[in-house]
Amino acid sequence: MRAMRRSLLIAGATLLAACHHGARVVPAPDPVAELAKARAQFRSGNFGKALVSFRRLTYELGPSQPEMADVRQVADQYATSAYAPMALLRAGDANLRLWGKPELDPSYGETALAIYQELAGRYPGTDAAARAQMHVQQLREWFAQKDYKNGMFYFRRRAYDSAIIYFKDVIATYPGTSFVPDALMRLVDSYRVIGYGDELKETCTHLRRYFPQTEGLDKSCPADSSTATPS
């Protein structure tokens, strides 16, 4: 009993001392050490723990940190492993998060798209490739939105030739996105103002064939000769 009482007192004193000095601060993980540990786990055949470690690193590291490049290289060094597609997916996701908004510089978005496309090409049919494809569609929408807004910038300033370039890029580069009908409608408006009659009729025909439900179509492209530019 005395021994038990002594043990309890010691334990209590230790607890009080810990409270007195405050909570123990857990140091942040060292990326270099974490990466070395993950590689060692993988080489030793402990794939489950290695996968957890690599996933943790892809979440904790930013794309600009040099350790992220090492994590990214796992897809090349262990191309046949189950982790390789996930490594590419996480690298793409990290760049996608850094882009954030279509109005910002698209460099991170371009990098993300390239990584997702690489993932689809190297590991088709995987869960990671399917998830990447959803992000690719999001990126295409953002790129289309960026081009469309650039076109509208010039359109509002009556720089129609420059606006047309951007609207055409939306249509040709990002087919299937929600901005294509609007880009076609703005082409109609631009062609009408600058007197491009043939292009106007051609664009109206395209709209009526492929996007007949576009709002304002009947007014901008009536089914008669009024689509022609005024003489």
* To do: In nm, give the distance between the simple-model label positions of residue 159 and residue 36, each being 7 Å from the Cα along the Cα-to-Cβ direction.
  => 5.4 nm
* Determine which lysines satisfy two conditions relative to residue 49: a Cα distance under 29 Å, and not lying fewer than 8 residues away in the same chain. => 37
* **Hz values of 3J(HN,Hα) by residue in segment 192-201 - Karplus curve (6.51, -1.76, 1.60), Gly and Pro given as x** => 5, 5, 8, x, 8, x, 5, 5, 4, 5
* To do: Report the far tail of the P(r) of segment 177-224, meaning the percent of Cα-Cα pairs longer than 18 Å.
  => 17 percent
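Just by accessible area at a 1.4 angstrom probe, what is the order of 56, 39 from largest to smallest?
Working: 56 90, 39 40 Å².
Result, largest first: 56, 39.
Set the bar at 19 Å for Cα to Cα. Now go through 101/149; 149/219; 168/201; 149/201 and name every pair that lies beyond it. Please report the intermediate quantities before stating the final value.
Numbers: 101/149 13 Å; 149/219 23 Å; 168/201 16 Å; 149/201 24 Å.
Violating the 19 Å limit, Cα to Cα: 149/219; 149/201.
Suppose accessible area is computed on protein heavy atoms with a 1.4 Å probe; arrange 167, 179 from highest to lowest. Write out the running numbers ahead of the final one.
Working: 167 0, 179 40 Å².
So the residues, ranked largest to smallest area, are 179, 167.
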* Subtract the Cα-Cα distance of residue 152 and residue 218 from 0.36 nm times their separation in residues, and report this length gain in nm to one decimal. => 21.6 nm
* To do: Output the peptides 210-218, 115-123 sorted from most to least packed, where packing is the average of other Cβ atoms within 10 Å over each peptide's residues.
  => 115-123, 210-218
* Could you tell me what percent of the accessible area of segment 134-217 is made up of carbon and sulfur, with a 1.4 Å probe and every protein chain present? => 50 percent
* **Label-point gap, in nm, between residue 130 and residue 198 - each point 7 angstrom along Cα→Cβ** => 4.9 nm
* Asked: Relative contact order for segment 118-183: what is it in percent, counting Cα pairs under 8 Å that are at least 6 residues apart?
  -> 28 percent
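With a cap of 14 neighbouring Cβ atoms within 10 Å, and only residues DSSP puts in a loop, list the trypsin sites (Lys or Arg not before Pro) found in segment 146-207. Let's see the in-between values first.
Values: sites: 146, 149, 156, 157, 158, 168, 186, 192, 201; in loops: 157, 158.
Within segment 146-207, the qualifying trypsin sites (Lys or Arg not before Pro) (loop, at most 14 other Cβ atoms within 10 Å) are 157, 158.
Determine the gain in length on full extension of the stretch residue 105-residue 137; use 0.36 nm per residue of separation and subtract their C-alpha separation, reporting nm with one decimal.
Working: separation 32, 0.36 × 32 = 11.52 nm, distance 1.85 nm.
Length gained between residue 105 and residue 137: 9.7 nm.
The values are calculated or read from the model by the stated rules, or taken from the named source; none is laboratory data. All values derive from a computational prediction rather than experimental measurement. Reconstructed Cβ throughout: ideal geometry from the backbone, glycine too, with neighbour counts over all protein chains shown. Note: accessible area is taken over every heavy atom of the protein model, side chains too, but ligands, DNA and RNA are not part of it. Shrake-Rupley method; radii C 1.70, N 1.55, O 1.52, S 1.80 Å.
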